[in-house]
1. How far is it, in nm, from the label point at THR136 to the one at ARG114 when both lie 7 Å from their Cα along the line to the Cβ?
2. In whole percent, and with a 1.4 Å probe on the protein chains, what portion of the accessible area of the range 44-106 is carbon and sulfur?
3. Please list 3J(HN,Hα) in residue order for the range 89-96, calculated via the Karplus relation 6.51 cos²θ - 1.76 cosθ + 1.60 where θ = phi - 60°; whole Hz, with x for glycine and proline.
4. Using a Förster distance of 25 Å, how high is the FRET efficiency between ALA196 and ARG50, based on the Cβ-Cβ distance and rounded to 0.05?
5. Tell me the label-point distance for the pair GLU10, ALA123, using the 7 Å Cα-to-Cβ offset, in nm and rounded to one decimal.
6. Please identify the trypsin sites (Lys or Arg not before Pro) of the range 84-143 that satisfy two criteria: DSSP loop assignment and at most 13 other Cβ atoms within 10 Å. Which are they?
Amino acid sequence: MPRRHQSYQERPSRLDGAVVWTLDVPPGPERRPRSVLPDGCMDLIWTAGRLVVAGPDTHAFEVDPRNRGSCAAIRFGPGTAPVLLGVPAHELRDHRVDLTELWPRGAVAALTDRIARSAGPAAALEEFALARSADTGPPDPLTAAVADGLRRGRSVASTAAEVGLGARQLHRRSLAAFGYGPKTLARILRLQRALALVRTGLPFAEAACAAGCTDQAHLAREMRDLAGTTLGSVRRIMTGSATPGTAPRGVAETPESLRDEGVPAPCDAPHQTPRPIRS
């Protein structure tokens, strides 16, 4: 019998800035842990009949290689999920928590039942997010402008000036919207820009400068601090000489056996629960 490979697929959501994704990990030998890189996003994940919220990460998150099965999720852009979920992002930073820890169990049970009965859990999650967004309204336009400016490579100071926020106000609102201060978000988005450029074939030194790093050594330090890996490891992944399971998200595009590595953690147990929210 031919061996099944895990399958990861994603598509843009009808909810602005969000991505819908699915993952199928078939039974088989354990693989090495997959590393999920911080990207400023948060996910609502349907897995094993429950809903899990993945908060914003400040470092690479390793997925337990023993996790098997299928899951579906919607990944929200920076600053979007806190409005929809009714919880400040910093309370979920570096956590994976069950939605029942944030919402009343009855509301979660009704949503869980609706998704379980649907023909496609991913589409059902998207419909829920669209309906919830219509009730809660859009994210704070000021923090949305901050995320957009930092995503485009603007400095924290110029972004703050552009939106008319002082340093303390910007930091406070960033904690609630993104899970960390604007400098951390800027570093994370800069690393993602660099990885996207490396994926196109640009040399590390050129990608570093184009993304806003001082030089290649600066990029190497950011890769080590935020991704827990080295430029050499990324190079081996890009050339297909690394072992599947080590790829950070946004890097492992080729060969085919690496295409589905580095996706969000689908099945990890919640830990270190934040304050419950009643909404």
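1. For THR136 paired with ARG114, the spin-label model returns 1.4 nm.
2. Whole-percent figure for carbon plus sulfur exposure: 48.
3. For the range 89-96, the Karplus-derived couplings read 4, 5, 6, 10, 4, 6, 10, 10 Hz, x marking Gly and Pro.
4. Values: r = 33 Å, r/R0 = 1.30.
So the FRET efficiency works out to roughly 0.15.
5. 2.2
6. Numbers: sites: ARG93, ARG96, ARG105, ARG114, ARG117, ARG132; in loops: ARG93.
Qualifying residues, ordered by number: none.
The values are calculated or read from the model by the stated rules, or taken from the named source; none is laboratory data. Just so it is clear, the structure is predicted and the values come from calculations on it, not from any experiment. Note: ideal-geometry Cβ built from the backbone for every residue, glycine included; neighbour counts use all protein chains shown. Surface areas here come from the heavy atoms of the whole protein model, side chains and all, with no ligands, DNA or RNA. Shrake-Rupley method; radii C 1.70, N 1.55, O 1.52, S 1.80 Å.
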